[in-house]
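**Q** Here's a structure for you.
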Amino acid sequence: MMVHSGQEASIPVADMSALIARLEAGEIGSVLDEAISDALCKRKFRTCIAGLPDEQGGMWMYEFDGHAASSALRVTASLDAALALAERVLPGYEVSVAQRKPRHLDTCAEWWHASLFKIRTGVVFGAGPGTISIKSATPAVALCIAILKAKAQGEGG
């Protein structure tokens, strides 16, 4: 296996807003997973099989601070993958994910709520500045949107 030289990954806030809009519209899948990894990683590089052109083999690998390079996590479909992404790009943040259904509305669909917040000196600031709270149809998507919004606001370095 060969590794092509890497490139620094950096995505403008406007592009993160476009990713958020796609998630809010209900889009999920591997193409969007790749775009999210591309938007949030520190560096990406392409691997390939020796002797084959890039388009016939290999995959993009993404590096996050303090973590080994990996292929794109399936963050739009897996809560475990979305949690792993939160740990990689927002170290020091706590995550809360809960399923909600209003009791007084029997016809209302269930939804998921995800929050990201910082804990400092043992005190939870769950409703203060820097707290990101999102609701969505699935827990993974709610957390992905919260991560992207936090990064668009400059959180997590």
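**Q** Please specify each residue of region 21-31 satisfying the condition of being surrounded by fewer than 20 Cβ atoms within 10 Å (Cβ to Cβ) and on the phi < 0 side of the Ramachandran plot. It would help to see each step written out before you state the result.
**A** At the first step, the residues of region 21-31 found to be surrounded by fewer than 20 Cβ atoms within 10 Å (Cβ to Cβ) are 21-22, 24-31.
Once the filter is applied, which keeps residues that are surrounded by fewer than 20 Cβ atoms within 10 Å (Cβ to Cβ) and on the phi < 0 side of the Ramachandran plot, region 21-31 yields Ala21, Arg22, Glu24, Ala25, Glu27, Ile28, Ser30, Val31.
**Q** Quick one: which strands (runs of 3 or more DSSP E) sit completely within region 46-124 and have at least 3 residues that are touching a helix residue (DSSP H, G or I) at 6+ places or on another chain (Cβ under 6 Å) and modelled with pLDDT of 80 or more? Give the derivation first.
**A** Numbers: elements: 60-63, 93-100, 111-120.
The strands (runs of 3 or more DSSP E) meeting that bar are 111-120.
**Q** Going by the conditions given, is Thr138 at pLDDT 80 or above and surrounded by 17 or more Cβ atoms within 10 Å (Cβ to Cβ)?
**A** Details: at pLDDT 80 or above: yes; surrounded by 17 or more Cβ atoms within 10 Å (Cβ to Cβ): yes.
The answer is yes for Thr138.
The values are calculated or read from the model by the stated rules, or taken from the named source; none is laboratory data. All figures in this text were calculated on a predicted structure; none of them were measured in a lab. Every residue, glycine as well, gets a Cβ built from its backbone with ideal geometry; the counts of neighbours run over all protein chains shown.
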